[in-house]
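Some notes on the structure that comes next.
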Amino acid sequence: MVADSQQSAVSLPPSSRSIPKKRNAFAWQRAYFPWLLLAPTLFIISAVVIYPMIYSIYVSFTPFNLLRPETFAFDPTQPFRNYERLLGDDVFWKAFLNTFLFLTVTVNLEFVIALGLSQLIARVTWGQGLIRTLLMVPMMFAPILVGFQFAWFFNATIGLVNQTLIGLGLMTEPKAWLVDIPTGMLSIMIASIWMNVPVTTIILLAGTLSLPGEVYEAAEVDGANGWQQFRQITVPLLRPFILIALTVRSLDVARAYDIVRIMTDGGPANRTEMIWTYTGELAIQNSRFGLASAMSMVSVILGVVFTLYLFRQLIKSRIVQ
């Protein structure tokens, strides 16, 4: 019997004996081939995002000054010295409050304007594609160009705003819009809103066009007017799109740098200073990379907390009650 079994094993065709090896090779390919495809992307993300983030976290706990390389060292006796200095820095708190004010006013005004535009465009029956194309024009300009453009608009001597208002008889003498309080901050807000309203409008317009028409037909049958339909149907159904738009714009506005730097450079007397402009001043002009990194970490933590809160609200809005 043993001889018969050995003879039968020897008599098996070669293809039958190689099947387990082929299956193991195929399983290995299925397990590791996706990671092989993702390897270039993971390498780029690690080089561009993860490593700089870890480096910035380390630098935030050091008194690193670019002009003094020996300061690039962690001091265990004073690990939180940079964060303690920020708590006692009046300019930081002024920049923080300016950033919060700028974020609150700009995002809310952008949302109100974009919501109105999205509802008007959604009701256009002819030429809607052309309107959407023209709506994207402000997004084509770089923030630096927008800063120069609105800096000229609000210039105290040759600005378009002063010349127009004086020509219409609404003003008798030029006004220093970028210097006075609160027109300096308002001028930056207007520039940011003009450039970024199309982003929010496109998101809300996409959500409006995806809403089911049967719900509005049923509301009309029940006698609901336009305002009631907008308040009780459109806004609740648009809530996921609203949260996405607010998240995207809040994170973008909180990093406002180009427009502020070009129009006012945070001045005069830090009246329009933002967190990111003050961070750039500390790092680039004063070479205080340790303190600047600590300030960046504070803003990153606040941004992550705010984003998690909005995403939590987004998940709740998508749950069918």
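Out of the residues in the range 48-67 meeting the condition of being surrounded by 11 or more Cβ atoms within 10 Å (Cβ to Cβ) and of a type in the set (A, V, I, L, M), tell me which one is farthest from the chain's Cα centre (by Cα). That would be LEU66.
The criterion of at least 2 residues that are farther than 28 Å from TYR309 by Cα and in contact with a helix residue (DSSP H, G or I) (Cβ under 6 Å, 6 or more places away or on another chain) is met, among helices (runs of 4 or more DSSP H) falling completely within the range 188-273, by 213-221, 258-263.
Only residues that are surrounded by 20 or more Cβ atoms within 10 Å (Cβ to Cβ), of a type outside the set (Gly, Ala, Ser) and farther than 14 Å from PHE100 by Cα: list them for the range 259-276, please. Within the range 259-276, ILE259, VAL260, MET263, THR264 meet the criteria.
Restricting to the range 54-106, give me the number of residues that are of a type in the set (S, T, N, Q), under 28 Å from THR272 (Cα atoms) and outside any helix (DSSP H, G or I). Qualifying residue count for the region: 1. The combined condition, being over 30 Å from PRO182 (Cα atoms) and touching a Pro at 6+ places or on another chain (Cβ under 9 Å), is not fulfilled by LEU291.
Every condition in (1) at pLDDT 90 or above; (2) out of contact with any Leu (no Cβ under 9 Å at 6 or more places or on another chain); (3) not β-branched (Val, Ile, Thr) is met by TRP126 except one, and the failing one is (1). Total residues in the range 138-160 satisfying the condition of being farther than 15 Å from VAL260 by Cβ and assigned to a helix (DSSP H, G or I): the figure is 6. Within the range 147-188, can you find the residues that are of a type in the set (S, T, N, Q) and farther than 15 Å from PRO268 by Cα? Of everything in the range 147-188, those that are of a type in the set (S, T, N, Q) and farther than 15 Å from PRO268 by Cα turn out to be GLN149, THR157, ASN162, GLN163, THR164, THR172. When restricted to residues that are under 18 Å from SER187 (Cα atoms) and touching a helix residue (DSSP H, G or I) at 6+ places or on another chain (Cβ under 8 Å), the range 84-110 contains 11. Screening SER187 on (1) surrounded by 15 or more Cβ atoms within 10 Å (Cβ to Cβ); (2) free of Cβ contacts under 8 Å to residues at least 24 places away in the same chain shows it passes everything except condition (2).
Just a yes or no: is a residue in the range 164-178 aromatic (Phe, Trp, Tyr) and in contact with a Pro (Cβ under 9 Å, 6 or more places away or on another chain)? No, there is no match, as no residue in the range 164-178 is aromatic (Phe, Trp, Tyr) and in contact with a Pro (Cβ under 9 Å, 6 or more places away or on another chain).
Selection over the range 69-90 of residues that are out of contact with any strand residue (DSSP E or B) (no Cβ under 9 Å at 6 or more places or on another chain) and either among the polar types (S, T, N, Q) or modelled with pLDDT of 85 or more (or both) gives a count of 13. Within the range 279-303, track down each residue that is surrounded by fewer than 22 Cβ atoms within 10 Å (Cβ to Cβ) and assigned to a loop (DSSP other than H, G, I, E, B). Listed by number, the residues that qualify are ASN286, SER287.
The values are calculated or read from the model by the stated rules, or taken from the named source; none is laboratory data. Keep in mind it's a predicted model, so treat the numbers as computed, not measured. All Cβ positions, even for glycine, are placed from backbone atoms using ideal geometry, and neighbour counts span all protein chains on display.
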